[in-house]
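Beneath this line is the structure, given in structure tokens, with notes to follow.
The values are calculated or read from the model by the stated rules, or taken from the named source; none is laboratory data. All of these numbers come straight from a predicted model, not from anything done at the bench. In this analysis, Cβ positions are derived from the backbone assuming ideal geometry, glycine residues included, and neighbour counts consider all displayed protein chains. To get the accessible areas, we keep the full protein, side chains included, count just its heavy atoms, and leave off ligands, DNA and RNA. Shrake-Rupley method; radii C 1.70, N 1.55, O 1.52, S 1.80 Å.
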Amino acid sequence: MAELTNITFACENPVPLSEFWAAALGYEPVEPPPEVVAEVEKAIDRGELDPTGWAMLAHPEGIGPRLLFQRRPKSSPEDIPIHLDLKAEDRHAEVSRLQSLGATKVAERSQTIGPYQELWTVMKDPEGNGFCVS
């Protein structure tokens, strides 16, 4: 069975977008091992790697997949076919907090099945990537 290791965002500005998601989720920048840092620095010095062209975040306790941000063209789907779903104790407060970080509120949605109702807010991060908050 495969393991989900990264969720990758194609974006124009990886570092600022990673800062938004770090503040939104409490994730932290990944600190690569010293030997990897040394090779990355050599590649930057040779002009082979743009230090602002990528960023990576991980949950502080190391659980779940990492978030990888790469500068590259992205598709522009009409709907938000693949996106992150966030759950908060107070949805409205979390939506306000995310807006203060640069997110945009798109719509309020709901679905009722029998006696069960689900409410969520559709949002976009600073680069227009969709996500939902319930």
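Treating the angle as unsigned and between 0 and 90°, give the value, to the nearest 10°, between the Cα long axis of helix 14-25 and the longest Cα principal axis of the chain.
40
Tell me the angle of helix 91-100 to the major Cα principal axis of the chain, expressed in degrees between 0 and 90 and rounded to the nearest ten.
With rounding to tens, the tilt is 40 degrees.
Could you identify which residue out of Ala55, Ala23, Ala103 has the top mean-square fluctuation in a GNM of the chain using Cα springs shorter than 10 Å?
With Cα springs under 10 Å in the chain, the top fluctuation among Ala55, Ala23, Ala103 is at Ala23.
At 0.692 mPa s and 37 °C, plugging the Kirkwood radius over alpha-carbon pairs of region 89-134 into Stokes-Einstein gives what diffusion coefficient in µm²/s?
297
Quick one: Kirkwood hydrodynamic radius for region 1-100, alpha-carbon pairs, angstrom, one decimal?
It works out to 15.5 Å.
Rolling a 1.4 Å sphere over the protein heavy atoms, what is the accessible area per residue of region 45-134, to the nearest Å²?
Heavy-atom accessible area per residue stands at 68 Å².
Provide the FRET efficiency to the nearest 0.05 for the Val15-Ile113 pair, computing r from the beta carbons and using R0 = 35 Å.
For Val15 and Ile113, the calculated efficiency is 0.25.
Under unit Cβ charges (Lys, Arg +1; Asp, Glu -1), what dipole magnitude, rounded to 20 debye, does the chain have relative to its Cα centre?
It works out to roughly 380 debye.
What does the charge count near Gln99 come to, summing +1 for each Lys or Arg and -1 for each Asp or Glu among other residues with Cβ under 12 Å from its Cβ?
+1
Helix 34-45 against the longest principal axis of the chain: what's the angle in degrees, Cα atoms only, rounded to the nearest 10?
Approximately 80 degrees, to the nearest 10.
Could you pull out the GluC sites (Glu not before Pro) across region 5-50 that fall in loop regions by DSSP (anything but H, G, I, E, B) with no more than 16 other Cβ atoms inside 10 Å?
When the GluC sites (Glu not before Pro) of region 5-50 are filtered for loop state and at most 16 Cβ neighbours within 10 Å, Glu12, Glu48 remain.
Among DSSP bridges having both ends in the chain, what percentage is antiparallel? Round to the nearest 5.
Given both bridge residues lie in the chain, the antiparallel proportion sits at roughly 70 percent.
Name the residue, out of Ser18, Ser110, Ser96, whose mean-square fluctuation peaks in a Gaussian network model built on the chain with Cα pairs under 10 Å.
Comparing Ser18, Ser110, Ser96 in a Gaussian network model of the chain, the most mobile one is Ser110.
Can you work out the FRET efficiency for the pair Arg46 and Ile7, with r the C-beta to C-beta distance and R0 = 41 Å, to the nearest 0.05?
Details: r = 29 Å, r/R0 = 0.72.
After rounding, the FRET efficiency stands at 0.90.
Quick one: net charge of Pro32's neighbours, Cβ under 15 Å, K/R +1, D/E -1?
Around Pro32, the surrounding residues sum to -3.
What relative contact order, as a whole-number percentage, does the chain give when Cα pairs under 8 Å and 6 or more residues apart are counted?
26 percent.
Loop-only trypsin sites (Lys or Arg not before Pro) in region 1-69, please: DSSP not H, G, I, E or B, and at most 12 other Cβ atoms within 10 Å. Spell out each step's value before the answer.
Details: sites: Lys42, Arg46, Arg66; in loops: Arg46.
Sparse-neighbourhood loop trypsin sites (Lys or Arg not before Pro): Arg46.
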